[in-house]
Amino acid sequence: MGHRVTLIKGDGIGPEVCKAARKVVDESGAHIDWEVFDAGASVMDEYGTPIPEHIIESIKKNKVALKGPVTTPVGKGFRSVNVTLRKSLNLYANIRPIKTYAGVKSRYENVDLVIFRENTEDLYAGIEHMVNDEIAESIKIISKKASANIVRAAFDYAVKNGRKKVTAVHKANIMKLSDGLFLRTAQEVAKEYSNIEFESVIVDAMSMKLVLNPENYDVLVMPNLYGDILSDMASGLIGGLGLVPGANIGENAAVFESAHGSAPDIAGQNKANPTAIILSAVMMLEYLGETEPAHKIEKAVEEVLKEGKYLTGDLGGNATTDQYTDAIVSKLHN
Ligand code: NAI
């Protein structure tokens, strides 16, 4: 019996990249039994929502999911699928490792950082109203509990993975109460981890420092909005969203997914780069304790990227999704 995992194919390029990730995982020797679901545009007519309740029930039961991207209809009154999942499963930590890969063109050589983004509150709490016809108000919620949870997750990760430094990112000089609480909480939690260096940086300065010297940073932890922006920016440092995996982790469930969206412009054309979801599956296997297959897959991905024979269009090559995936699978069997 393997680990039972909910696989949500998503829409756009979701089904193509999920097929690739599933194939690589199945060929790696990992023990996974998939429970597969469609989601997004293709189920809207039948269920009236892109993420029907039975999928959420499946994740609650299996506790682990691998998820393809899902298109969020703009301005139609639907809450984003991702926000719904994060809130209903209390997936408080969004984790995105961002590192340079040999063979992928980018301006930097030694980026290797991990962003911990608080995932349940801040301006994403969705508390907004019109004060009158001409003034809108969004409420920013920062709690000590959620702040401590995300900071502790960042430090625990640093300890477990031999990382040296945690940097907390904030704007406490302006938002003295909300970001002030986040910063104070981070400083308190940091005292519990005397072997890990701790510093705090204001978000605007952090943006500049990351672009100038990304190699100076290790583990970064921040509230939701800054994490959303800086993690996309950081993915630009290493060659784009197609390479950045992600994990959304809570106390009772974990959902692994790429940072990119459903890429409707290239959907259904066998062109998408499946690296991000394959590396998300690597994070999932590590979480499940399937360490050996996880390392095998990561090494195979690194080798295929380094050789540069089968790169997808976004990385300057002309391989199809299937050709790139098969190149990884053949490395697994070497
Ligand atoms: P996007 O990430 O889907 O695409 C941005 C650009 O990057 C496009 O040119 C696309 O072709 C390219 N791209 C993205 N992933 C790629 C890959 N794996 N291989 C090759 N090229 C890739 O962002 P966009 O266009 O802003 O969003 C499209 C839809 O996806 C929206 O409805 C959005 O709400 C949704 N979305 C869903 C997410 C999720 O389910 N986790 C996350 C982000 C966006």
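The values are calculated or read from the model by the stated rules, or taken from the named source; none is laboratory data. Quantities reported herein were computed from a predicted structural model and do not represent experimental measurements. Heads up, the Cβs are rebuilt from the backbone with ideal geometry, glycines too, and the neighbour counts pull from every protein chain shown. These accessible areas exclude ligands, DNA and RNA; they are computed on the full protein's heavy atoms, side chains included. Shrake-Rupley method; radii C 1.70, N 1.55, O 1.52, S 1.80 Å.
With a/c under 1.5 counting as rounded, go ahead and sort the range 1-134 into rounded, prolate or oblate using the C-alpha gyration tensor (a ≥ b ≥ c being the square roots of the eigenvalues; past the cut-off, prolate if a/b is larger than b/c, else oblate).
It is oblate, given that a/c is not under 1.5 and a/b is not larger than b/c.
So in the chain, what percent of DSSP beta bridges are antiparallel if you round to the nearest 5?
40 percent
How many nm separate the modelled label positions at M175 and D322, each set 7 Å beyond the Cα in the direction of the Cβ?
That separation, rounded to one decimal, is 4.7 nm.
State whether the range 65-167 is rounded, prolate or oblate according to the following rule on the C-alpha gyration tensor (a ≥ b ≥ c being the square roots of its eigenvalues): a/c under 1.5 gives rounded; otherwise a/b larger than b/c gives prolate, and the remaining case gives oblate.
prolate
Could you tell me the extents of the chain's C-alpha atoms along the three principal axes, largest first, rounded to whole Å?
Projected onto its principal axes, the Cα set of the chain covers 54, 47, 40 Å.
Note down the relative contact order for the range 107-238 as a percent, whole number, built from C-alpha pairs under 8 angstrom at least six residues apart.
Value for the range 107-238: 39 percent.
Setting aside same-chain residues fewer than 8 positions from K145, which lysines have a Cα under 23 Å from its Cα?
Counting by Cα, and skipping residues close in sequence, K145 has these lysines nearby: K60, K63, K87, K160, K165, K171, K176, K191.
Accessible area of the chain with a 1.4 Å probe: how many percent of it is carbon plus sulfur?
51 percent
Determine, from the Cβ-Cβ distance of R107 and M1 and an R0 of 56 Å, the FRET efficiency 1/(1 + (r/R0)^6), rounded to the nearest 0.05.
0.75
Rank S231, V114, N161 by how far each Cα sits towards the positive end of the charge dipole of the chain (+1 on Lys, Arg Cβ; -1 on Asp, Glu Cβ) and give me just the farthest.
My answer, from the dipole projection, is N161.
Using the heavy atoms of the protein chains and a 1.4 angstrom probe, tell me the accessible area per residue for the chain in square angstrom.
Roughly 46 Å² per residue, with all protein chains present.
Which FRET efficiency value, to the nearest 0.05, do you get for D156 and E188 by plugging their Cβ-Cβ distance into 1/(1 + (r/R0)^6) with R0 = 22 Å?
0.90
How long is the range 107-238 along each principal axis, judged by its Cα atoms, biggest number first, in Å?
Answer, in whole Å and largest first: 51, 36, 23 Å.
Rounded to the nearest 500, what is the 222 nm mean residue ellipticity of the chain from helices alone, with -39500 (n - 2.57) per DSSP H run of 4+ residues and division by all residues?
Rounded to the nearest 500, it is -12500 deg cm²/dmol.
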